[in-house]
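The next block holds one structure in the form of structure tokens; read it before the comments.
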Amino acid sequence: MAEPDHCFICYFAIGLLQVVNALVSEELKMSLRVVAIAIEVIILMAMIYCFFLGLKLTLSDLGLQPRYDRFLKLVLTTLGIFILTFFIAHLILFYPGIIP
Amino acid sequence: MQRSYVTIEGKSRGYYLLVTLLGLGSVLLLVGFIVSYLKGQQVWGVSNIIPWGQLIIFYIYFIGLSAGAIIISSLSYVLKWDFYKPITRLAVFMGILLMLGAMFFVFVDLGRPEKFWRLFAYYFLNNMTSMFVINSIFYVVYMTLMVFYLWLIFENKKRWAAIVGTLDVIWAISVHMGTGAIFGLIGNREIFFSPIKPFEFLAAALTSGTSLIILTTLGTFKFTGRNIHKDLILSLGNLLSWLIYVLLVLVFVDKMTHFYFPGRDPVLYLFAGNYWWLFWLFQIGMGILIPLCLLIHPRTKRTMKGVSFASLSVMIGVFGERAALVLPGTAYPQHFFPGFIEGMWGKPEIFPITVWESLLCLGIVSYIALLFVLGLKFLEILPAREGEDMAALEGSNPLLKASG
């Protein structure tokens with residue numbers, strides 16, 4: 001099988017990563033991973049928030065009266081906390097290293 | 001007379017203390033989940049030999065309680081016995097929460113809960129001979145029906161509530177019989193395998209559900225200062241005694257059928273093996289004999305204390321019954337090729353009770369209890385106290401909350 005052609009930019013990027021890898025300490029790599037996980041958790045939770053808000057608005061459109069709002073908000077908030085916990089656990093376990 | 005329902009004020013010190021305690025209990029679920037997810041299921045008591053542990057015991061227990069609560073709720077809306085109306089909303093609300101709790105248990109038990117969607121990926125195009133697939137359809141429709149049923153009751157749409165309630169009760173029966181069939185149709189686990197198992201599950205669900213309704217009614221009515229109608233509790237106690245008779249007959253027939261055949265070793269293991277105490281002390285003693293004695297004795301059957309003790313005994317006993325099914329049923333070795341390969345090392349196993357699995361269970365129970373307590377504050381579930389009726393009718397306005 002023929003070797004895939006790599007352009008100059010690919011070689012440059014790989015070389016740059018190897019240089020950074022040699023220079024950066026293990027602690028910094030770990031810190032970068034934590035920052036990346038935090039950013040991803042924020043993005044995912046924003047999506048979940050939008051989904052739950054959409055659900056709440058849909059229920060309102062279907063005729064759910066405002067007197068149920070507080071309980072619904074409470075249930076969705078607690079479920080959101082569980083989902084947040086899941087995302088944190090999942091990303092801690094499976095998120096790849098930022099620098100190879 | 002139009003009965004009115006109110007929220008509780010929920011501003012007392014006791015209420016805040018209860019919410020705080022249950023909130024802290026719910027945090028255990030988060031901590032337990034993170035530890036279990038990062039370390040894997042090795043921190044639980046489950047193993048290759050006993051693959052189902054505490055979480056599955058709680059799961060089938062909660063499904064039973066939910067189905068039992070929904071069936072009891074049908075007494076007023078479906079069978080039109082207005083006598084039971086004060087507890088209908090409570091029963092349906094608890095049915096929803098308990099089912100949610102059951103789903104939490106099974107969700108966490110997956111180990112990798114993010115893969116749950118695979119069960120629903122093709123829905124009815126899945127392998128429809130699998131009891132797990134059939135039950136997943138049962139559960140989704142059951143949850144939807146219950147929420148819709150409660151909403152119709154809240155909105156006082158009686159005719160529709162009766163129709164949806166009837167459908168929900170039929171579905172609740174199917175749900176719990178389906179859960180029983182998960183166990184009853186596993187041919188290689190002799191303690192599980194039984195065509196009677198779905199019916200036994202249903203009878204146990206009804207007894208534990210009725211007991212839970214009795215205890216919750218007594219607890220919430222007492223702590224919110226409402227009059228407890230003694231006749232209502234005694235009537236539920238009477239119903240409970242008949243349900244226990246049915247359960248007794250089904251357990252007797254099931255065990256005797258297993259006992260009749262020459263290959264009776266598994267049932268002998270259940271009776272006299274490592275877990276004999278689960279069967280005799282909990283399932284038979286606390287689940288059947290003690291409550292029956294309390295409910296047929298002329299003195300205790302007419303007192304609220306007697307009925308509540310019987311209910312508590314049934315609650316513990318039916319939990320023991322679930323444990324007496326799951327643990328010995330999986331601990332007993334399977335005969336893959338009799339005489340050649342006898343299950344995992346060919347010997348019964350002991351299930352260890354581990355901290356993280358127990359904390360997870362405690363966390364889920366706390367979370368469901370927390371939702372129940374908060375639900376009393378935000379939803380009109382309890383009947384108004386005497387003299388509160390007018391306030392309660394205005395209670396549909398969220399700004400005018402009656403005190404509780």
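The values are calculated or read from the model by the stated rules, or taken from the named source; none is laboratory data. Everything quoted here is computed from the prediction, not taken from an experiment. All Cβ positions, glycine included, derive from the backbone under ideal geometry; neighbour counts span all protein chains shown.
Before moving on, here are some points about what is shown:
- When residues in region A:63-95 are screened for being within 10 Å of chain B (Cβ to nearest Cβ) and not in a helix (DSSP H, G or I), 3 of them pass.
- For region A:53-69, residues that are under 17 Å from residue B:150 (Cα atoms) and charged (D, E, K, R) total 2.
- Residue in region B:1-10 that is in contact (Cβ under 8 Å) with a residue 40 or more places away in the chain and outside any loop (DSSP other than H, G, I, E, B) present: yes
- Tallying residues that are farther than 16 Å from residue B:141 by Cα and part of a helix (DSSP H, G or I) within region B:102-116 yields 10.
- If you check B:64, B:101, B:95 for being under 22 Å from residue B:159 (Cα atoms) and modelled with pLDDT of 90 or more, only one passes: B:95.
- Members of region B:152-176 that are farther than 30 Å from residue B:56 by Cα and part of a helix (DSSP H, G or I): B:152, B:153, B:154, B:158, B:159, B:160, B:161, B:162, B:163
Rundown of residues vs (1) within 29 Å of residue B:178 (Cβ to Cβ); (2) surrounded by fewer than 17 Cβ atoms within 10 Å (Cβ to Cβ); (3) not assigned by TED's automatic domain parsing to the domain that holds residue B:185, yes/no style:
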site	(1), (2), (3)
B:219	no, yes, no
B:236	yes, no, no
B:255	yes, no, no
B:259	yes, yes, no
B:262	no, yes, no
B:278	yes, no, no
B:283	yes, no, no
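- Considering (1) on the phi > 0 side of the Ramachandran plot; (2) in contact (Cβ under 8 Å) with a residue 24 or more places away in the chain; (3) not aliphatic (A, V, I, L, M), the lone condition that residue B:123 does not fulfil carries the number (2).
- Residue count, region B:153-170 (criterion: without any contact (Cβ under 8 Å) to a residue 40 or more places away in the chain and buried (at least 20 other Cβ atoms within 10 Å of the Cβ)): 1
- Residues that are aliphatic (A, V, I, L, M) and over 17 Å from residue B:115 (Cα atoms) within region A:60-91 comprise A:62, A:64, A:72, A:74, A:75, A:76, A:79, A:81, listed in sequence order.
- With respect to being basic (Lys, Arg) and touching a residue at least 40 places away in the same chain (Cβ under 8 Å), residue A:67 falls outside the description.
- Odd one out for residue B:61, checked against (1) under 30 Å from residue B:233 (Cβ atoms); (2) within 14 Å of chain A (Cβ to nearest Cβ): (2)
- Looking only at region B:11-49, and only at residues there that are of a type in the set (Val, Ile, Thr) and part of a loop (DSSP other than H, G, I, E, B), the one that is nearest to the chain's Cα centre (by Cα): B:46
- Residues of region B:24-57 that turn out to be of a type in the set (Lys, Arg) and buried (at least 22 other Cβ atoms within 10 Å of the Cβ), as a count: 0
- Flag for residue B:97 being in the same structural domain as residue B:314 (by TED's automatic domain parsing) and buried (at least 22 other Cβ atoms within 10 Å of the Cβ): yes
- Qualifying residue in region A:22-33 (condition: within 27 Å of residue B:32 (Cβ to Cβ), part of a helix (DSSP H, G or I), modelled with pLDDT under 90 and out of contact with any helix residue (DSSP H, G or I) (no Cβ under 6 Å at 6 or more places or on another chain)): yes
- Residue in region B:197-211 that is crowded, with 20+ Cβ neighbours inside 10 Å, under 29 Å from residue B:257 (Cα atoms) and free of Cβ contacts under 8 Å to residues at least 40 places away in the same chain present: yes
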